[in-house]
Amino acid sequence: MKTVTPGIYYHFKHPDQHYEVLGIAFHTETEEDMVVYRPLYETDKELFVRPLAMFLEDVDKPELGYKGPRFVRVS
């Protein structure tokens, strides 16, 4: 299984808005691994979480002319 390492990523829709992945957390109710990350652009949110499987998945958005990973590691 692929995994996520701490570092800087961007979402495919907003390559100019970076996120810092802090690590992986375990959801005790669903038993899912969740990616914990924070935006590095202006926002009033401090932390975000997203299921690991969703963070790692490839998306196919022909209407946007994009096919590839949802999040891309920058550094």
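The values are calculated or read from the model by the stated rules, or taken from the named source; none is laboratory data. Remember, predicted model here, so these are calculated numbers, not experimental data. Quick reminder, even Gly has a Cβ in these numbers, built from the backbone with ideal geometry, and neighbours come from all protein chains shown. When the accessible area is computed, the model is the full protein with side chains, heavy atoms only, and any ligands, DNA or RNA have been set aside. Shrake-Rupley method; radii C 1.70, N 1.55, O 1.52, S 1.80 Å.
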Its Cα gyration tensor gives the chain an equivalent ellipsoid whose semi-axes in whole Å, largest first, are 20, 16, 11
With -39,500 (n - 2.57) per DSSP H segment of 4 or more residues and division by the full residue count of the chain, the 222 nm estimate, nearest 500 deg cm²/dmol, is -1500 deg cm²/dmol
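When the dipole is taken about the Cα centre of the chain, and only Lys, Arg (+1) and Asp, Glu (-1) are charged at their Cβ, what size is it in debye, to the nearest 20?
Details: 9 positive and 13 negative charges, 59 e Å.
With Lys and Arg at +1 and Asp and Glu at -1, about 280 debye.
Mean separation of Cα pairs under 8 Å and 6+ residues apart, divided by the residue count of the chain: what relative contact order is that in percent?
Details: 142 pairs, mean separation 22.4, N = 75.
Once normalised by length, the contact order is 30 percent.
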Note to self: with every protein chain in place and a 1.4 Å probe, the chain gives an accessible area per residue in Å² of 70 Å²
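Roughly how many percent of the accessible protein surface of the chain is carbon and sulfur, given a 1.4 Å probe and a whole-percent answer? Don't skip to the answer; put the middle values down first.
Numbers: 2660 of 5230 Å².
Ligands and nucleic acids excluded, carbon and sulfur give 51 percent.
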Sparse-neighbourhood loop hits (GluC sites (Glu not before Pro), the stretch 8-75; DSSP loop; Cβ within 10 Å at most 13 others) -> GLU29, GLU31, GLU42, GLU46, GLU57
